[in-house]
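Just below is one structure, and these are the notes that go with it.
Computed from the coordinates by the stated procedures, all read-outs in this text should not be read as laboratory data. Just so it is clear, the structure is predicted and the values come from calculations on it, not from any experiment. When we count neighbours, we look across all protein chains shown, and the Cβ atoms used for this are built from the backbone with ideal geometry, even at glycine.
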């Protein structure tokens with residue numbers, strides 16, 4: 001049985017797309033976890049245009065943050081800027097839909113060097129000031145009406161013009177980028193999630209790097225950032241036994257999240273305050289404290305099951321107090337700040353991909369510049385090299401022939417063929 005939840009106005013079926021609803025928006029910020037659509041029909045151009053507008057806004061936020069990330073700039077200010085831009089840009093679309101929720105699907109997080117993920121400080125936390133040569137990971141998400149698009153990008157601060165990043169920073173960034181490119185070619189209908197896991201291990205090890213142990217990439221659904229089907233990175237023996245094997249299917253959507261370390265790939269909680277949480281809809285509890293009840297009521301009203309930051313609350317002190325009881329009784333799930341060993345580097349690339357009948361369609365990515373990174377190592381495995389050299393473009397009409405397909409090595413991820421089509 002095929003379970004799905006189409007956009008309003010979409011008809012059921014197994015191939016093609018047809019839209020007849022009051023608002024056209026099938027590709028706004030990430031769309032569906034699985035869609036049932038009408039056989040033999042085509043996507044409406046108004047729908048693609050509207051969705052492309054939302055996607056371009058999300059990409060614009062990421063680009064602005066990358067450009068603003070210079071030595072002397074604080075991580076807190078960048079996180080605040082990212083969240084404010086997401087709210088501002090999503091506020092410009094679907095203005096007539098007064099009841100529609102849209103905005104942040106994952107708060108802006110900026111994790112530097114050996115910090116693995118989820119660093120998004122509060123005003124009361126110790127800030128981090130960027131320095132020349134820092135390896136920076138920006139992670140954020142956007143949603144419109146609960147349809148999610150996530151993206152993460154890695155770069156090095158203040159690389160001098162005409163020079164290249166070398167050494168372990170280059171190794172880990174190249175490894176993570178090629179892992180993402182391999183996934184783009186493997187996350188397609190009929191393939192298994194285990195194929196992606198195996199490819200990631202091989203690519204990372206080619207650069208003497210290691211995928212972060214146990215990290216998951218999730219299927220996306222409306223209002224659900226952590227769907228049932230997942231892809232696991234570098235699992236332990238026990239995780240291999242426990243992790244459910246799955247086959248990718250047409251019209252599913254995934255947030256493919258790659259995290260690679262120059263070290264052992266062990267991420268640990270170093271005691272940094274958790275600032276990002278999400279509601280767990282499966283849990284219920286009668287909160288005792290008035291502050292906790294007021295806080296939780298605001299969470300449900302403003303965020304539903306989307307991740308949020310305590311920074312989003314007007315009274316930060318009350319938010320810090322209210323979250324304690326909610327987290328203790330598992331009404332909220334924490335996104336802990338994790339670290340690799342001091343001196344190591346962790347790179348991250350994340351993109352959202354739609355599994356279309358004619359191939360994977362990547363709808364989010366960062367402005368990666370492959371020529372900036374020079375590693376002495378490369379992928380040696382013949383099968384993997386062939387995969388990475390293959391085109392990642394979907395099968396298109398003849399009129400699209402003038403657009404050259406991109407292999408993994410030369411893909412800039414700044415404006416992919418798939419993204420152009422989503423926004424044309």
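Details
- The stretch between residue 71 and residue 226, if pulled fully straight at 0.36 nm per residue, gains 52.4 nm over its current Cα-Cα span.
- Peptides ranked, highest mean first, by Cβ atoms within 10 Å: ranges 165-172, 294-301: 165-172, 294-301
- Projected-area mean, region 276-335, by convex hull of Cα positions, square nanometres: 3.5
- Estimated inter-spin distance, residue 127 and residue 158, nm [label 7 Å along Cα→Cβ]: 1.6
- Additional length obtainable on full extension of the chain from residue 285 to residue 314, 0.36 nm per residue less Cα span: 8.0 nm
- Extension gain, residue 389 to residue 236: 0.36 nm times the residue separation minus the Cα-Cα distance gives 52.1 nm.
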